[in-house]
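The values are calculated or read from the model by the stated rules, or taken from the named source; none is laboratory data. Everything quoted here is computed from the prediction, not taken from an experiment. Neighbour counts run over all protein chains shown; Cβ positions are idealised from the backbone, glycine included.
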Amino acid sequence: MKKVISTDKAPAAIGPYSQAIEANGFVFASGQIPVNPATGEIPEGIEAQARQSLENVVNLLAAAGVKPEDVVKTTVFIKDMNDFAKVNAVYAEYFKTDCPARACVEVARLPKDVLVEIEAIAAK
């Protein structure tokens, strides 16, 4: 059985997908790009974009009743691997101990030409 999770504190889905799904004791958060859900604006710079993407992830998790500490796996998509250290520094603000497993990959292009997208899986 699956449950659709949605919140207005993260960008609305812009296609045939859900913001997040809860199933079998896990929450699967769709990739979050750095769109401010209140204004629709995208901040400039990789650190600001990483922070907004992570805020969107955290808000989705909260809507499902879980916290960053419950995250077991993330995937980080970045446009330029040279930004890895900057993204990693922001990421460390959100995941301080017992950090989740993670993959980080460089991609050619992301929606709205943003610099980063982050998805997460959390245990409930």
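What is the number of the single condition among (1) modelled with pLDDT under 95; (2) of a type in the set (Asp, Glu); (3) in a helix (DSSP H, G or I) that residue 98 does not meet?
(3)
Given the condition modelled with pLDDT of 95 or more, of a type outside the set (Gly, Ala, Ser), out of contact with any Cys (no Cβ under 9 Å at 6 or more places or on another chain) and surrounded by fewer than 13 Cβ atoms within 10 Å (Cβ to Cβ), answer yes or no: does some residue in region 53-65 qualify? Before the answer, list the steps.
In the first step, residues of region 53-65 are kept if they are modelled with pLDDT of 95 or more; the result is 53-65.
After this cut, where a residue has to be of a type outside the set (Gly, Ala, Ser) as well, the list is 54-61.
The next check asks that each one be out of contact with any Cys (no Cβ under 9 Å at 6 or more places or on another chain); those that pass are 54-61.
Checking which are surrounded by fewer than 13 Cβ atoms within 10 Å (Cβ to Cβ) leaves us with none.
There is no residue in region 53-65 that is modelled with pLDDT of 95 or more, of a type outside the set (Gly, Ala, Ser), out of contact with any Cys (no Cβ under 9 Å at 6 or more places or on another chain) and surrounded by fewer than 13 Cβ atoms within 10 Å (Cβ to Cβ).
Going through region 53-95 one residue at a time, which ones are within 13 Å of residue 31 (Cβ to Cβ) and part of a helix (DSSP H, G or I)?
53, 54, 56, 57, 60, listed by residue number.
Take region 66-89 and flag every residue that is closer than 15 Å to residue 104 by Cα, crowded, with 17+ Cβ neighbours inside 10 Å and under 13 Å from the mean Cα position of the chain (by Cα). Give the derivation first.
Keep residues of region 66-89 that are closer than 15 Å to residue 104 by Cα, which gives 72-89.
Subsequent filtering for residues that are crowded, with 17+ Cβ neighbours inside 10 Å retains 74, 76-79, 83, 86-87.
Correct list: 74, 76, 77, 78, 87.
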